[in-house]
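Structure, as structure tokens:
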Number of protein chains: 2
Amino acid sequence: MKNIRIKDIALKAKVSTGTVDRVLHDRGNVSEKVREKILKIIEEMNYEPNFMARALGTKKVYHFAALIGDPGIDGYWNDPKTGIEKAAREARQYGVEVSLFIFNPYDAESFIKKAEEATEANPDGILLAPMFYREVVPFFELWKEKEIPFVLFNTQIPEFDPLSYIGQDSYQSGMVAGKLIHYGQPQPPSVLVAHIDEETSNSAHLTKKEQGLRNYFVQNNLHHHYEIIKAELNRSNYAKFVAQLDAIFEGNPQIQFCFVTTSKAHEIAKYFEQKFITHIKIIGYDLIPQNLYYLNKGLISFLINQNPLGQGYWGINQLVDHLVFKKEISAVKFLPLDIVTKENLNYYIDESMLYNRL
Amino acid sequence: MKNIRIKDIALKAKVSTGTVDRVLHDRGNVSEKVREKILKIIEEMNYEPNFMARALGTKKVYHFAALIGDPGIDGYWNDPKTGIEKAAREARQYGVEVSLFIFNPYDAESFIKKAEEATEANPDGILLAPMFYREVVPFFELWKEKEIPFVLFNTQIPEFDPLSYIGQDSYQSGMVAGKLIHYGQPQPPSVLVAHIDEETSNSAHLTKKEQGLRNYFVQNNLHHHYEIIKAELNRSNYAKFVAQLDAIFEGNPQIQFCFVTTSKAHEIAKYFEQKFITHIKIIGYDLIPQNLYYLNKGLISFLINQNPLGQGYWGINQLVDHLVFKKEISAVKFLPLDIVTKENLNYYIDESMLYNRL
DNA sequence: CAAATAAATGTGCACGCACACAACTACTTA
DNA sequence: TAAGTAGTTGTGTGCGTGCACATTTATTTG
């Protein structure tokens, strides 16, 4: 079961290995006649390059930049960061170095500053979470001009043809939430959809989650019976935050479910705990420690896991596959929407488990 | 950021690369004094072997045998087979060849025959689903004597120290089912636990699933209120199978949930469909086509995915890591217990998605 | 048509490791 | 003490590629 080597191709085509190499890598300086002959033979023998030898034989250093939010400011970013670091560690053997550029996820200015720094570093590829639509667009144009491929994660912006988008299907995750609510309460309940700490106007994925939820009920012909209440909340003024919640729940005692579209489900859980509210079930996003605490306490029923670690990990890997291995990569990579409960939680958070996912 | 090479170690230790090589691979013939010095330097420089170069430098061919059930007889085995083939394809570069030995999962004799064939092929490693406890034990002893490492998946049998076990945590999956039932019906319901087409006496994992379910209710102090009815069913005589179900559901009209411990949830769904039973929710295992059909129709509420594809994939990979790369591998690898509904199904079945898991 | 340039092709080494083989040292034995 | 042997250590080549450099062939120019 011997592997076909470049040497074999060269032999059969009666040329030197150097020429085959040029054809394989489009290095030019090959006559059209010879090129075609070689391509045909490559096809015939269905040659597959040996990645190990390829990686061994090249000493080129690839420099990637990763633009992510500050985990110190919002714990959500811990996982993408870990994923990126893991991928970076694995890719080190192939001559890949990843530099992190960490911005304040609540400050567009900070994003601009870090994006500029990343651009100045003149990397071979960029991975970023384009949180601020307006602010990121000029960079997309700049990078396109400089021919620096970029991979998006977390937030999808297809208009500027990124090399790839990694992330959740926000809309579909809303559908999953709908299912969980419907399953948990066949009688028509009222649902509070809470957007916490982010403007829906500048982050499309929140709206998509809400739409997914609403459409679940439409598609199942239930929307006449269900009541969906929407709220945009902000913790910057905590007293006001609590007052808003008071108003909502006192004014709508019929609410039985709360769907939190950001990673802040724990804030609602905390509120419920303090107010001794036990009859409302919470469904939220992301396995951050605060959420896990309330998941284990039973105040949060389900968390939808968007695989933030995987997003970072696969994001870097897309760049590696494209630039280092010259593989064809898919333009979109949706990650699974895991439904996480107290009972299956362990399989999603244990570090060693992460390697087990296929 | 240059990598440390064996050569660097040899230089620093003032020995030849051959000697370092002997230490790294425990090939013997190294004086204790030198050995320790080298080990210390390896530690100091924290050397990490370059797997590519390692794989490239050895031309040894590894021969693995995989013993699995026949997908033609029970569709469940399609996924492990696919996973094994995928891993085999990836490992080809490292000189790994995998031969499949496919037995009839309902026939112990067939298992013995195939296990004998696999043994005769004298492989370097074996991956198998030890479905028949009594029948497999002699082989464990034989392989141990012949020093052939074996990896188990699907069914755990720790007594004969396999190299590794890959698979589900059956007990915990029962707990997950308990949660889903409890969440879907806070008022104490009755649950039918159905073991279909397998003897609980010879397959421990079915019993573990049931125990997990029961213990969910115990741990949440609910066991006084819930009623759990157990049934062992077999489709070999289909008329009898239906008659049994008739008896159960007519005799227990209070049943609201059905938990099927094998991959045969679709049989119950089919029965419900024919009998126009709509008020009983089904929770089952495995994303086989028949189950997906009824999941999409809404007759099955949830499927617990044990990642059968991953089991095959990681099973082969454990052998590869151990034998080819001489890595340390974990004795147990539990795969995530995915909760799958109609709404997030796509992320678990689309082939291209499988690569996205971390 | 010779010289200069451009295009095409060939050659050989390095990447980091494994392994076969060669060589050296220390210890026995007669 | 020389020969024999076991215990150590050193050397060199191949694995499949990529790439820098050398060489040959075709094309252009004055």
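Looking at the structure I just gave you, is A:GLU232 assigned to a strand (DSSP E or B), without any contact (Cβ under 8 Å) to a residue 60 or more places away in the chain, more than 16 Å from DNA strand C (Cβ to nearest atom) and away from every other protein chain (no Cβ under 14 Å)? When the stated conditions are applied, A:GLU232 passes them. Residue selection: B:PRO71 fails the criterion of being away from DNA strand D (no atom under 16 Å from the Cβ), surrounded by 18 or more Cβ atoms within 10 Å (Cβ to Cβ) and part of a loop (DSSP other than H, G, I, E, B).
If you filter region A:41-59 down to residues that are over 33 Å from the mean Cα position of the chain (by Cα) and either more than 8 Å from DNA strand D (Cβ to nearest atom) or aliphatic (A, V, I, L, M) (or both), you find that the one that is nearest to B:GLN93 (Cα to Cα) is A:ASN46.
Criterion first (under 30 Å from B:HIS25 (Cβ atoms) and over 20 Å from the mean Cα position of the chain (by Cα)) does B:LYS327 satisfy it? Break it down into steps so the answer makes sense when it comes.
Details: under 30 Å from B:HIS25 (Cβ atoms): yes; over 20 Å from the mean Cα position of the chain (by Cα): yes.
Yes: the conditions hold for B:LYS327.
For the condition within 14 Å of another protein chain (Cβ to nearest Cβ) and closer than 29 Å to A:LYS270 by Cβ, what is the one hit in A:VAL151, A:VAL176? So that I can check it myself, show each step before the final result.
Working: A:VAL151 fails: closer than 29 Å to A:LYS270 by Cβ.
Of the residues listed, the single one that is within 14 Å of another protein chain (Cβ to nearest Cβ) and closer than 29 Å to A:LYS270 by Cβ is A:VAL176.
In region A:149-173, the qualifying residues are those that are more than 16 Å from the chain's Cα centre (by Cα) and either at pLDDT below 90 or closer than 30 Å to A:ILE280 by Cβ (or both), and the one that is surrounded by the most Cβ atoms within 10 Å (Cβ to Cβ) is A:PHE160. From the list A:PHE334, A:PHE325, which residue is facing chain B (nearest Cβ under 10 Å) and modelled with pLDDT under 85? That would be A:PHE334, the only listed residue that is facing chain B (nearest Cβ under 10 Å) and modelled with pLDDT under 85. For residues that are surrounded by fewer than 23 Cβ atoms within 10 Å (Cβ to Cβ) and of a type in the set (A, V, I, L, M), scanning just region A:74-97, find the one that is modelled with the highest pLDDT. Residue satisfying both the conditions and the ranking: A:ALA88. Scanning region B:179-201 for residues that are of a type in the set (Val, Ile, Thr) and either over 30 Å from B:TYR238 (Cα atoms) or at pLDDT 90 or above (or both) yields B:ILE181, B:VAL191, B:VAL193, B:ILE196.
Among the residues of region B:4-51, how many are among the charged types (D, E, K, R) and in contact (Cβ under 8 Å) with a residue 12 or more places away in the chain?
Of region B:4-51, the ones among the charged types (D, E, K, R) are B:5, B:7-8, B:12, B:14, B:21-22, B:26-27, B:32-33, B:35-37, B:40, B:43-44, B:48.
Narrowing the set further to residues that are in contact (Cβ under 8 Å) with a residue 12 or more places away in the chain leaves B:5, B:8, B:12, B:21, B:35, B:37, B:48.
So the answer is 7.
Going by the conditions given, is A:HIS223 free of Cβ contacts under 8 Å to residues at least 60 places away in the same chain and out of contact with any Gly (no Cβ under 8 Å at 6 or more places or on another chain)? Spelling it out, A:HIS223 is indeed free of Cβ contacts under 8 Å to residues at least 60 places away in the same chain and out of contact with any Gly (no Cβ under 8 Å at 6 or more places or on another chain).
Quick grid of which residues meet (1) of a type in the set (A, V, I, L, M); (2) away from chain A (no Cβ under 14 Å); (3) out of contact with any Lys or Arg (no Cβ under 9 Å at 6 or more places or on another chain); (4) more than 8 Å from DNA strand C (Cβ to nearest atom):
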| site | (1), (2), (3), (4) |
| --- | --- |
| B:LYS7 | no, yes, yes, no |
| B:VAL23 | yes, yes, no, yes |
| B:ASP26 | no, yes, yes, yes |
| B:THR58 | no, no, yes, no |
| B:HIS63 | no, no, yes, yes |
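Go over the candidates B:PRO105, B:PRO123, B:PRO130 one by one and state the one that is assigned to a loop (DSSP other than H, G, I, E, B), more than 22 Å from B:LEU206 (Cβ to Cβ), touching a strand residue (DSSP E or B) at 6+ places or on another chain (Cβ under 7 Å) and more than 16 Å from DNA strand D (Cβ to nearest atom). After applying the criteria, what remains is B:PRO123. Picking from residues in region B:154-173 that are in a helix (DSSP H, G or I) and under 30 Å from B:HIS225 (Cβ atoms), the one that is farthest from the other protein chains (Cβ to nearest Cβ) is B:SER170.
Restricting region B:343-352 to residues that are under 21 Å from A:MET175 (Cα atoms) and more than 7 Å from chain A (Cβ to nearest Cβ) leaves a set whose member that is modelled with the highest pLDDT is B:LEU345.
Restricting to region B:247-269, what's the tally of residues that are touching a residue at least 24 places away in the same chain (Cβ under 8 Å) and of a type in the set (Asp, Glu)?
Of the residues in region B:247-269, the ones touching a residue at least 24 places away in the same chain (Cβ under 8 Å) are B:248-249, B:252, B:254-269.
Checking which are of a type in the set (Asp, Glu) leaves us with B:267.
Counting residues in region B:247-269 that are touching a residue at least 24 places away in the same chain (Cβ under 8 Å) and of a type in the set (Asp, Glu) gives 1.
Inside region A:28-56, residues that are within 14 Å of chain B (Cβ to nearest Cβ), away from DNA strand C (no atom under 11 Å from the Cβ) and hydrophobic (A, V, I, L, M, F, W, C) make up a count of 1. For region B:1-40, the set of residues classified as more than 13 Å from DNA strand D (Cβ to nearest atom) and hydrophobic (A, V, I, L, M, F, W, C) consists of B:MET1, B:ILE4, listed by residue number.
Out of A:GLY75, A:GLY69, A:GLY18, one residue alone is over 23 Å from A:PRO123 (Cα atoms), away from DNA strand C (no atom under 16 Å from the Cβ) and away from chain B (no Cβ under 13 Å). It is A:GLY75.
Within region A:223-247, track down each residue that is more than 14 Å from A:PHE257 (Cα to Cα), aliphatic (A, V, I, L, M) and surrounded by 11 or more Cβ atoms within 10 Å (Cβ to Cβ).
Residues satisfying the conditions are A:LEU233, A:VAL242, A:ALA243, A:ALA247.
Taken together, B:LEU309, B:LEU287, B:LEU319, B:LEU299 contain a single residue that is away from chain A (no Cβ under 14 Å) and of a type outside the set (Phe, Trp, Tyr), which is B:LEU319. Residues that are under 30 Å from B:GLU343 (Cβ atoms) and under 19 Å from the mean Cα position of the chain (by Cα) do occur in region B:266-284.
The values are calculated or read from the model by the stated rules, or taken from the named source; none is laboratory data. The model shown is predicted, which means the values in this text are computed figures rather than measured ones. Neighbour counts are summed over all protein chains in view; Cβ atoms, including those assigned to glycine, are modelled from backbone coordinates with ideal geometry.
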